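The structure appears below as structure tokens.
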Amino acid sequence: MTDFKIQNLIFHEIGPINLSIAAAECVGLTGQSGIGKTLFLRALGDLEPSKGQILLGEAAIDSISAPEWRKQVGLLPAESSWWFDTVGEHFKKVDTADLVAFGFNQEVMEWDISRLSSGERQRLALLRLLANHPRVLLLDEPTANLDEENKLQVEHYLTDFLKKNQVIALWISHDLQQLSRVASRIYNMSAKGLTILEK
């Protein structure tokens with residue numbers, strides 16, 4: 001089983017940060033807006049400059065090409081990008097059961113991107129990310145635009161997905177109740193690094 005290790009990581013004058021996450025584990029991250037939580041995920045995804053060491057199992061971030069690292073360490077940004085006209089053009093293949101779990105059916109593949117609500121975009125962006133079979137999920141407010149029913153649906157799906165596939169997750173949210181449901185540990189981020197919170 002693969003773990004994810006962050007050792008003496010410094011980015012944008014934040015840190016050093018040390019953190020180890022086991023296979024199938026979800027760790028929660030909270031903190032003031034603007035403190036650098038999104039930049040932290042981007043650094044882990046090889047999208048921001050950083051110093052220190054990031055390891056996926058025995059493989060260091062600098063030993064793998066950036067595109068290959070980003071397939072294995074997948075980032076779900078707070079606002080997703082869409083570059084084709086229809087939903088289906090963004091997917092090589094998607095399981096009907098997964099669509100149903102997120103409140104869709106196969107017809108959504110024909111929809112124009114322009115007709116999607118922010119919540120629909122968020123759920124579909126998550127499905128698109130999971131279709132790449134990443135080993136680590138970097139989730140930046142993955143349910144921020146969702147109503148309570150869809151929020152809980154996504155939480156249950158992701159919790160099961162992590163266990164079933166032995167995938168690691170780092171989940172950013174301001175909702176501490178949510179983090180207490182999905183995460184084994186919760187950390188608060190400051191400019192000095194991470195402090196663990198009592199659940």
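Values in this text are rule-based calculations from the coordinates and carry no lab data. It should be emphasised that the depicted structure is a prediction, and the values quoted were computed from it without experimental measurement. FYI the Cβ positions are ideal-geometry reconstructions off the backbone, even for glycines, and counts take in every protein chain you see.
Taking 23 Å as the limit for the C-alpha separation, the pairs 37/164; 37/71; 5/51; 37/93; 5/192 exceed it in the case of 37/164; 37/93. Placing +1 on the Cβ of every Lys and Arg and -1 on the Cβ of every Asp and Glu, with nothing else charged, gives the chain a dipole about its Cα centre of roughly 560 debye.
Scanning the chain for GluC sites (Glu not before Pro) lying in DSSP loops with no more than 10 further Cβ atoms inside 10 Å, the longest uninterrupted stretch between such sites is 59-197. Applying a DSSP loop filter and a limit of 16 other Cβ atoms within 10 Å to the trypsin sites (Lys or Arg not before Pro) in segment 93-171 leaves 93. Separation of segment 169-199 from segment 54-133 is 24 Å, based on Cα centroids.
Compared with the direct C-alpha span, the chain from residue 184 to residue 149 gains 10.4 nm at full extension, assuming 0.36 nm per residue. Across segment 125-162, the residues whose backbone nitrogen lies under 12 Å from the label position 7 Å along the beta-carbon direction of residue 113 are 125.
Candidates 82, 169, 23 compared by Cα position along the dipole of the chain: farthest toward the positive end lies 23, with charges placed on Cβ.
Note down the net charge around residue 86, summing +1 for each Lys or Arg and -1 for each Asp or Glu among other residues with Cβ under 9 Å from its Cβ. Charge balance in the 9 Å sphere: -4.
The calculated 222 nm mean residue ellipticity attributable to helices in the chain amounts to -8500 deg cm²/dmol, summing -39500 (n - 2.57) over DSSP H runs of n ≥ 4 and dividing by all residues. Between residue 100 and residue 132, the simple label model (points 7 Å from Cα in the Cβ direction) yields a spacing of 2.8 nm. Using a Förster distance of 25 angstrom, determine the FRET efficiency expected from the C-beta separation of residue 59 and residue 8, and round it to 0.05. So the FRET efficiency works out to roughly 0.90. Here the gap between residue 192 and residue 33, fully extended at 0.36 nm per residue and compared with their Cα-Cα distance, gives a gain of 55.7 nm.
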